Amino acid sequence: AEIVPSLEMLAPVVAIRGNIDTAAWAHDYPEAHTFEVADRRLHVVHDLKTLAIDPHAERVAVVVAGHSHRPLHRVQHGVHY
């Protein structure tokens, strides 16, 4: 709970909650978030299985997920995962 405010003192932070983030502090964080960096749309979601948008249709360039804790990079329909 205290790591995000500490990071925010250094730079802007995009944070979402994961599947075990069930405490009261986690309710302030969304399950997913889309934002822009340097004219690129990024979408952050904990688990790709819960991806609720069509990244290609939403013009998302990169989808970032971390549920599996396994490095992976693939490109599908022009979207980097």
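The values are calculated or read from the model by the stated rules, or taken from the named source; none is laboratory data. Because the structure is a prediction, the values reported are computed rather than measured. Quick reminder, even Gly has a Cβ in these numbers, built from the backbone with ideal geometry, and neighbours come from all protein chains shown. Protein only, heavy atoms only, side chains kept; ligands, DNA and RNA dropped before computing areas. Shrake-Rupley method; radii C 1.70, N 1.55, O 1.52, S 1.80 Å.
For the chain, the dipole from Cβ point charges (+1 on Lys and Arg, -1 on Asp and Glu) about the Cα centre works out to 380 debye, to the nearest 20. Over the chain, dividing the summed -39,500 (n - 2.57) contributions of all DSSP H runs of at least 4 residues by the number of residues returns a 222 nm mean residue ellipticity of -1500 deg cm²/dmol. Ligands, DNA and RNA left out, the 1.4 Å accessible surface of the chain is 55% carbon and sulfur atoms.
Compute the accessible area per residue over the chain, keeping the other protein chains in place, probe 1.4 Å, unit Å².
Per residue, the chain has 76 Å² of solvent-accessible surface.
Computed on the chain, with alpha-carbon pairs under 8 angstrom and 6+ residues apart, the relative contact order is 21 percent.
When the chain is treated as a Gaussian network with alpha carbon springs shorter than 10 Å, the biggest mean-square fluctuation among 15, 26, 57 belongs to 57. For the chain, set up a Gaussian network in which alpha carbons nearer than 10 Å are linked by springs, and say which option among 44, 13, 64 fluctuates the most. Its mean-square fluctuation being the largest, the pick is 13. Extents of the chain, largest first, come to 37, 27, 22 Å (Cα atoms, principal axes, whole angstrom).
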